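A.B. asks: Once you've had a glance at the structure underneath, I'll fire off some questions.
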Amino acid sequence: MRRSPLARRLMASTLPVTMLIGSVSGTAVAEPMIARNMSTYGMPGGIDTPTAETLPDGTLGATVSWSDYARRGNVVFQVLPGLTTVLRYARVEGINDYRQDGYISDRSLDIRYQILDEQGWRPAIAVGFQDVLGTGVYSGEYIVATKTITPTIRASAGLGWGVLAGKPRTIDVNDEGGTLNADDWFSGGPKPFASVSWQATDRLNLVAEYSNDIYYTRYSDGREWQQGDEEPGSKLNLGAYYSFGRSYQVGLYTIGGETFGAQFTVALNPREAPYPSGLEKAPAPVR
């Protein structure tokens, strides 16, 4: 049976990496790699780049991030232990449409699946699709691996396509979103990205990442727009995230060292409710 171009690209990109890293296994089984913070896209990640971390199964959360490039509201749901989805509503600055407001509003969907969890010397590995049902302004795909270096330090590295490679897809001017642009997946050539997170204290997490995103938009009618005021000054992003209890987190970050942003995250899990429901089992009687 003849495979489609997408299937050939997917197999050529993901299968060798999965087989190579998956063959390196250890005897010790670690705890599931739970995310320390969320990216500006609402997924477990660094600042703009993803990681292979997950959330506790059943977690429902929301992230609001703001910078000169965009204002993003994300709703994240850990559907299965390895499957994470995000629904996003974003105000993308610097792009004009027929309203001439200086920004556009965009809705998109992300899907990410953790193929392997961390075990022994083997890192956690995930494959993700960004903006699979939208105009394509944030369209990109990735393969990423995350490894615990020390109890407080984690490192992630991956290959990204689309915006994650600094190669934004051309947006069809007649597309109002909701179209599955599968022909674009894993096309355009990948570029590497990476991040390191340091759990400095029980509440403070510091992040540094290497990102290729140039925040640029191109339309099929020839129009091109630089999101925000200018392209990031460098590919290095830095962030600091402070947690309040198990459910709330605030963060400050810089993109390229010149553009600053802020973020607020809330994540709730019915299995880990901060307050008892009254339905829990009673303790054993004291003799």
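A.B. asks: Within segment 174-181, is there a residue that is out of contact with any Pro (no Cβ under 8 Å at 6 or more places or on another chain) and more than 30 Å from Q100 (Cβ to Cβ)?
C.D. replies: For segment 174-181, residues out of contact with any Pro (no Cβ under 8 Å at 6 or more places or on another chain) and more than 30 Å from Q100 (Cβ to Cβ): absent.
A.B. asks: Can you tell me which residue in segment 92-125 is most open to solvent (accessible area, probe 1.4 Å), limited to those that are under 22 Å from N174 (Cβ atoms) and part of a strand (DSSP E or B)?
C.D. replies: Among those residues, the one meeting the criterion is R107.
A.B. asks: Specify the residue that is surrounded by the most Cβ atoms within 10 Å (Cβ to Cβ); the eligible residues are those in segment 211-266 that are more than 21 Å from K191 (Cβ to Cβ) and aliphatic (A, V, I, L, M).
C.D. replies: A240
A.B. asks: Give the residue that is surrounded by the most Cβ atoms within 10 Å (Cβ to Cβ), with candidates limited to residues of segment 33-46 that are over 8 Å from the mean Cα position of the chain (by Cα) and among the hydrophobic types (A, V, I, L, M, F, W, C).
C.D. replies: By that ranking, first place goes to A35.
A.B. asks: Further question on the same structure: Can you find, within segment 229-264, the residue that is farthest from A35 (Cα to Cα) among those that are polar (S, T, N, Q) and assigned to a strand (DSSP E or B)?
C.D. replies: Only one residue fits best here, namely T259.
A.B. asks: For segment 140-155, which residues satisfy the criterion of being open to solvent by 10 Å² or more (accessible area, probe 1.4 Å) and hydroxyl-bearing (S, T, Y)?
C.D. replies: Passing the criteria: T148, T150, T152.
Residues checked against (1) assigned to a loop (DSSP other than H, G, I, E, B); (2) surrounded by fewer than 17 Cβ atoms within 10 Å (Cβ to Cβ); (3) not hydrophobic (A, V, I, L, M, F, W, C):
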{"site": "K167", "(1), (2), (3)": "yes, no, yes"}
{"site": "N174", "(1), (2), (3)": "yes, yes, yes"}
{"site": "P192", "(1), (2), (3)": "no, yes, yes"}
{"site": "V196", "(1), (2), (3)": "no, yes, no"}
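A.B. asks: Hey, another quick one. Pairs please, first residue from segment 127-155 and free of Cβ contacts under 8 Å to residues at least 40 places away in the same chain and assigned to a strand (DSSP E or B), second anywhere and among the charged types (D, E, K, R) and open to solvent by less than 30 Å² (accessible area, probe 1.4 Å), Cβ atoms under 8 Å, 6+ apart in sequence or on different chains.
C.D. replies: From segment 127-155, the pairs are G140/D131; K147/E118.
A.B. asks: Would you be able to tell me the number of residues in segment 63-80 that are in a loop (DSSP other than H, G, I, E, B) and touching a Ser or Thr at 6+ places or on another chain (Cβ under 7 Å)?
C.D. replies: 4
The values are calculated or read from the model by the stated rules, or taken from the named source; none is laboratory data. Computed from a prediction, not measured in an experiment: that's the story for all the values here. Don't worry about glycine lacking a Cβ; one is built from the backbone with ideal geometry, like all the others, and counts go over all protein chains shown. Ligands, DNA and RNA are excluded from the accessible area calculation, which covers all protein heavy atoms including side chains. Shrake-Rupley method; radii C 1.70, N 1.55, O 1.52, S 1.80 Å.
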